[in-house]
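The values are calculated or read from the model by the stated rules, or taken from the named source; none is laboratory data. Since the model is a prediction, treat every value here as computed from it, not as a measurement. Here the Cβ is made from the backbone with ideal geometry for all residues, glycine too, and neighbour counts use every protein chain on show.
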Amino acid sequence: MTAPFFGGCACGAIRYVCSRAPVAMLNGHCLDCQRSSGAPFASGFIVAEADLQVRGMPKTYSLRASSGALATRSFCPQCGSPLFTRGEANATFLSVRFPTLDDTSAFQPMLDIWTARAQPWVCFSQAIPHYPQTP
Ligand SMILES: [Zn+2]
C-alpha cells in the first residue's frame, strides 16, 4: 500500500488520510473480532496513530480482548461502521478496518491470527502464515 492513502466510514461523516504505509495487514479471527465486525473475521492494517489524520468524531468502547489486553474500538456514530482499534500493549499504533479504504484493492493480508477461534467453515489462504493466537 503506497502512502498517502485515504478512507472513511460508509456515510462519510468520518474521513482519514494516512501518511505512511502500514506496518502489517492481517485477518483476526477471535470472537471479539467477529462480534465487532459483524462478520466471520476482521481484516485490518496497522499504522502509527501519529501518521493518521482523522476528520470527524468516532465513538469508542473498550473491552478485554481474547488476548486479555484492553482493546478500545471506535466506530462512526451515524452509520455504525467499525473504524479503528487501539490495544493497550502498543498504544501508539492503531488497527484500521480495511473496508474503510477508498481503494480496498490495496489491502493484502500478510497473516491470520487467532485461528484457534475461527469458525470451522472459514477457508484460509495457504499463501500466508496462520497463528492460533497472537504471534
Ligand atoms: Zn459514518
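Name every residue in the range 8-28 that is more than 25 Å from V122 (Cβ to Cβ) and either at pLDDT below 95 or assigned to a strand (DSSP E or B) (or both), in order of residue number.
G8, R15, Y16, V17, C18 - these are the residues of the range 8-28 that are more than 25 Å from V122 (Cβ to Cβ) and either at pLDDT below 95 or assigned to a strand (DSSP E or B) (or both).
Pairs please, first residue from the range 1-19 and among the aromatic types (F, W, Y), second anywhere and within 16 Å of the ligand (Cβ to nearest atom), Cβ atoms under 6 Å, 6+ apart in sequence or on different chains.
From the range 1-19, the pairs are F6/D102; Y16/G7; Y16/V54.
If only one of M25, M57 is more than 16 Å from the ligand (Cβ to nearest atom) and in contact with a Pro (Cβ under 9 Å, 6 or more places away or on another chain), which one is it? Can you show your working first?
On the way: M57 fails: more than 16 Å from the ligand (Cβ to nearest atom).
Exactly one residue qualifies, and that residue is M25.
Any residue in the range 113-127 that's over 12 Å from Q34 (Cα atoms): show its pairings with residues that are surrounded by fewer than 12 Cβ atoms within 10 Å (Cβ to Cβ) at Cβ separation under 9 Å, as long as the two are six or more apart or on different chains.
Hits for this filter: I113/P135.
Within the range 94-101, identify whether any single residue is away from the ligand (no atom under 15 Å from the Cβ) and farther than 21 Å from M1 by Cα, and answer yes or no.
Keep residues of the range 94-101 that are away from the ligand (no atom under 15 Å from the Cβ), which gives 94-95, 98.
From what's left, farther than 21 Å from M1 by Cα: none.
No, the range 94-101 has no match at all.
Which one of these is surrounded by 14 or more Cβ atoms within 10 Å (Cβ to Cβ), within 16 Å of the ligand (Cβ to nearest atom) and modelled with pLDDT under 95: S37, S67? Even if it seems obvious, please write down each step before you answer.
Values: S67 fails: within 16 Å of the ligand (Cβ to nearest atom).
From the options S37, S67, the qualifying one is S37.
Pairs please, first residue from the range 38-57 and within 19 Å of G87 (Cα to Cα), second anywhere and within 16 Å of the ligand (Cβ to nearest atom) and among the charged types (D, E, K, R), Cβ atoms under 7 Å, 6+ apart in sequence or on different chains.
Listed pairs, sorted by first residue: A42/R97; G44/R97.
Please find, among F45, F84, the residue that is within 19 Å of T134 (Cα to Cα), away from the ligand (no atom under 16 Å from the Cβ) and either modelled with pLDDT of 95 or more or part of a strand (DSSP E or B) (or both).
F45
Keeping to the range 6-22, report how many residues are away from the ligand (no atom under 16 Å from the Cβ), over 18 Å from I128 (Cα atoms) and buried (at least 19 other Cβ atoms within 10 Å of the Cβ). Lay out the reasoning, then the answer.
To start, the set of residues in the range 6-22 that are away from the ligand (no atom under 16 Å from the Cβ) comprises 17-22.
Narrowing further to those that are over 18 Å from I128 (Cα atoms): 17-21.
Add one more test, that the residue is buried (at least 19 other Cβ atoms within 10 Å of the Cβ), and what stays is 18.
Count: 1.
Conditions first: (1) under 14 Å from S95 (Cα atoms); (2) within 16 Å of the ligand (Cβ to nearest atom). A50 passes all but one, so which condition is the exception?
It is condition (2) that A50 fails.
What number goes with the only condition from (1) surrounded by fewer than 14 Cβ atoms within 10 Å (Cβ to Cβ); (2) within 16 Å of the ligand (Cβ to nearest atom); (3) among the basic types (K, R) that R73 does not pass?
R73 satisfies all of (1) surrounded by fewer than 14 Cβ atoms within 10 Å (Cβ to Cβ); (2) within 16 Å of the ligand (Cβ to nearest atom); (3) among the basic types (K, R) except (1).
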